[in-house]
1. Scanning for something over 21 Å from residue 548 (Cα atoms) and in a helix (DSSP H, G or I), does the range 364-379 turn up at least one residue?
2. When only residues in the range 541-572 that are in contact with a strand residue (DSSP E or B) (Cβ under 9 Å, 6 or more places away or on another chain) and farther than 15 Å from residue 586 by Cβ count, which is modelled with the highest pLDDT?
3. Of the numbered conditions (1) closer than 23 Å to residue 286 by Cβ; (2) surrounded by fewer than 15 Cβ atoms within 10 Å (Cβ to Cβ), residue 602 fails exactly one; give the number of that condition.
4. Quickly run through the range 21-42 and pick out the residues that are within 13 Å of residue 54 (Cβ to Cβ) and assigned to a helix (DSSP H, G or I).
5. Filter the range 287-320 for residues that are of a type in the set (Asp, Glu) and assigned to a helix (DSSP H, G or I); which is surrounded by the fewest Cβ atoms within 10 Å (Cβ to Cβ)?
6. Out of the residues in the range 442-467 that are crowded, with 18+ Cβ neighbours inside 10 Å and within 21 Å of residue 532 (Cβ to Cβ), state the one that is modelled with the highest pLDDT.
7. Can you find even one residue in the range 267-281 that is of a type in the set (S, T, N, Q), modelled with pLDDT of 80 or more and under 25 Å from residue 238 (Cα atoms)?
8. Could you identify the single residue in 357, 324, 347 that is in a helix (DSSP H, G or I), in the same structural domain as residue 421 (by TED's automatic domain parsing) and surrounded by fewer than 16 Cβ atoms within 10 Å (Cβ to Cβ)?
Amino acid sequence: MSDQVNILLVDDQPGKLLSYEVMLRDLNENLLKASNANEALQALLKHDVAVILIDVCMPELDGFELAAMIRQHPRYQKTALIFISAIHLSESDYLRGYDAGAVDYVPVPVVPELLRAKVRVFAELYRKTKQLESLNRELEQRVAERTAALETAHDRLLQSEGARSLALAAGQMGSWEFDAAADTWSCDAGLRQIFGVGEDFVPTHEAIKPRIHVEDYLQFKTSMSALSVQNTTFQSEIRVVRDDGEIRWCLATTAASMKPDGSLEGLSGVLVDITGRKEAETMQILLAREVDHRARNALGVVQAIVRLARADTIEGYIRAVDGRIQALAHTHELLSKSRWQGADIERLISEELAPYRETNARKVTLEGPSVILAPERAQAIGIVLHELATNAAKYGALSCEEGQLDVRWTNAKGVLILNWKELGCSGIAAPTRRGFGTKIITSSLHQGNGGEARFDWQPTGLHFTLTLNSERKQAASKLAPPAATGVPSAPKSKRVLVVEDESLIGMLTMDMVKELGYATLGPLTNIADAAEIIERSQFDIAVIDLNLNGKPAYPLAEALDNKGVPFVFVTGYAPDSIDERFSHVPLIQKPIPREALAKALRQQLGAHRRVSAATA
């Protein structure tokens, strides 16, 4: 019988089907092709399929709808579905795809080596699963034959050797046997390999027990005690703990031989190493959590834009919010294309000023090298550029016929300097209050993140200079505590420390805290600065982002516990991701509801007062 598995390719373009066939030919698997959803469903009725590659954009039924129909069939509820997309997918598209059962996405243009590697993994997993099912059937048949006819030890030995040969042939498998009358164990080389022991290993009860995770061993014993003449087999997942501490996940299948009086005659078992599959499942869970985290963070940023925006009219407010969200979307698109490794400032500037350059190319001058900004900075700078361009179009160089805009930037020795100069107009007055863009850039550079912004309003227009250091300054000893702000008429108001690495969300959190009547300290954007402020400054409670620049904020939580200061967590991750040590701490998911923040602050401050009174 052929060891090939079937791989179904679904795309409405014959040329793309042919290219996928050429890319996957070296896998030596059986490739099935379908040009629409109907042909794909017909193929699935005729064949068992290991992996399905689906084009997202197809006429009649798109890839998401086809995936949902496939998942309704019991036989294909766990089949690997890989989406191929030639268009940019939004975060919601990714969530929709994973909800429909996708295990991965492949963007166009397709990298042949990457596509082959992904398909090979799932095809091999399908093949191993089928082999395991065949092995289980063989094992059950062997138990039935032994119960009915095989009475002698010689026959039991022959059956055991057959099972071991089959397990070893399948790969990453081992078999074992227990003779109840003699109270002896035996195992093959495959099981020794899984356990990480040599040929001198003697499989006794005392030798095996410490090599099985204690929780799994107790479950295994419970299943063993339930064996009977009517119930002679069971299957369970166990963790094998090797002598060097490495843990291997295994699927254990056990079959019992029972005497007519119901007592145990012997046991046979097969152990299959499924560590690779468990790691793949873990990665998929982590990916889903990361998608959820980024989606919630994006919603938090949008929430900040909506709540912090100001305008004199409803129409002006709508235009302001819409423009800022569009600027945010452009930045997200650039970050998505780089898989969130960073965004090029040249692209950010070019795309923001493109509408003004199209009408008059000589009106706008751009000059500077390609510089990759970190995601958190790219997002803030993208909105700042939008604010500068909007202001120039309303009141500055882009608002008059003679006006010109000159934008130049340099990057030398880890320092990025951007100069924005508006020329040609006359009679331009400096604004009387700090605008939204000014607040954003001031917040993003706050607390030693290595940057400086200077606004110089000339009669001809704004001269703006932005300086960013690529490496964060480490002179923590020179860090000055951020100024506390709040309600001037309430000097005894509780003081709240805010720690948040996303500048817009940090501004929003500060704004909410002030609205609730508290004084504020911050926002701080990284663990090092926050740790120093916690040690040096006095405050009553803290609001901490659970993930700061990709690192857990638990060191700050520990420092606050040691200092006896209550705190509240905010996060874009799911609630079950929190460390068990801090499961008692209120956790608010982004976007932050004002009422939830108010309740959490009251709850923590109230609990702290009760503890302080009890210990006084």
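1. No, there is no match, as no residue in the range 364-379 is over 21 Å from residue 548 (Cα atoms) and in a helix (DSSP H, G or I).
2. Residue satisfying both the conditions and the ranking: 556.
3. (1)
4. Of everything in the range 21-42, those that are within 13 Å of residue 54 (Cβ to Cβ) and assigned to a helix (DSSP H, G or I) turn out to be 37, 39, 40, 41.
5. 315
6. 451
7. yes
8. Criteria check complete, one pass: 357.
The values are calculated or read from the model by the stated rules, or taken from the named source; none is laboratory data. Bear in mind the structure is a predicted one, so any value in this text is a computation, not a measurement. A quick note on method: Cβ atoms are made from the backbone with ideal geometry, for glycine too, and the neighbour counts reach across all protein chains shown.
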